[in-house]
Amino acid sequence: MGKRHEIRLSGSGGQGIILSGIILAEALGLYGGKFVAQTQSYGPEARGGASRAEVIVSDEEIDYPKAIKLDLLLAMNQKSCDEYYRDLKEDGMLIVDSTFVTQVPTSRAIQIPFTKIAREKFHKEIVANVISLGAITELMDIISPKAMEEAVLARVPKGTENLNRDALKAGLMTARRFKESLKKKDREPQEYQQED
């Protein structure tokens, strides 16, 4: 059986979760050559309501398109972290936006302040989702940065390509520094703060 990865991106409406799911699926499928199934759901409120996107990726045809046990959960707010953490595999990866997620259910959570980085580095909260896609690319090792960049640039509004390319690079670099800090300290993941 081919290796199957189940990924859930979650947060609130207005954080770009659905778009992130589409970009991630296209990076893996269209630009990465893998089999992909992507689904999404959101609450009745467009902004502020619950929002989630799931991506199933495999090197073989996918027989069941829904996530059963997550290999990776991205939680962009506290509510989605609380609600979906129980769906994560025992050895699954939890990545949280520590700007909004202050109570993490495990010491192994990867805490990166995506929204804070978006505010401080780019003065635009809206790119927090693209920064998180950069981090996922670096941390998962199943997507090439080039495939992710192509998928991002194909989906973002015209005129924002440079901004989004830079946001993606910021996510890649932040996650890379996070991994390097773990190797140096040989410890459980803790919160990683963006360096200027």
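The numbers here are math on the coordinates, done by the rules we state, and not lab data. Small disclaimer: the values here were computed from a predicted structure and weren't measured. Because the Cβ atoms are built from the backbone with ideal geometry, glycine has one as well, and the counts that use them run over all protein chains shown.
Considering only DSSP states other than H, G, I, E and B, which trypsin sites (Lys or Arg not before Pro) in region 107-156 qualify as loop sites with at most 14 other Cβ atoms within 10 Å? Of the trypsin sites (Lys or Arg not before Pro), the ones in loops of region 107-156 whose Cβ has at most 14 other Cβ atoms within 10 Å are 108, 124. So what is the calculated 222 nm ellipticity per residue for the chain, using -39500 (n - 2.57) for each DSSP H run with n of 4 or more, over all residues, to the nearest 500 deg cm²/dmol? Value at 222 nm, helices only, nearest 500: -11500 deg cm²/dmol.
Among the trypsin sites (Lys or Arg not before Pro) in region 46-90, those located in a DSSP loop and surrounded by at most 11 other Cβ atoms within 10 Å of their own Cβ are 47, 66, 69. Note on residue 3 and residue 62: their simple-model spin labels are 1.7 nm apart, each label 7 Å out from Cα toward Cβ.
Calculated FRET efficiency, residue 89 and residue 41, Cβ-Cβ r, R0 22 Å, to nearest 0.05? List each step's numbers first, then the result.
Numbers: r = 21 Å, r/R0 = 0.95.
The computed FRET efficiency comes out at 0.60.
Straight-distance candidates among the lysines for linking to residue 116, with alpha-carbon spacing under 17 Å and chain neighbours fewer than 8 residues away dropped: 124, 169. Here the peptides 160-168, 95-103 are ranked by packing, the mean other Cβ count within 10 Å, and the order with the highest first is 95-103, 160-168.
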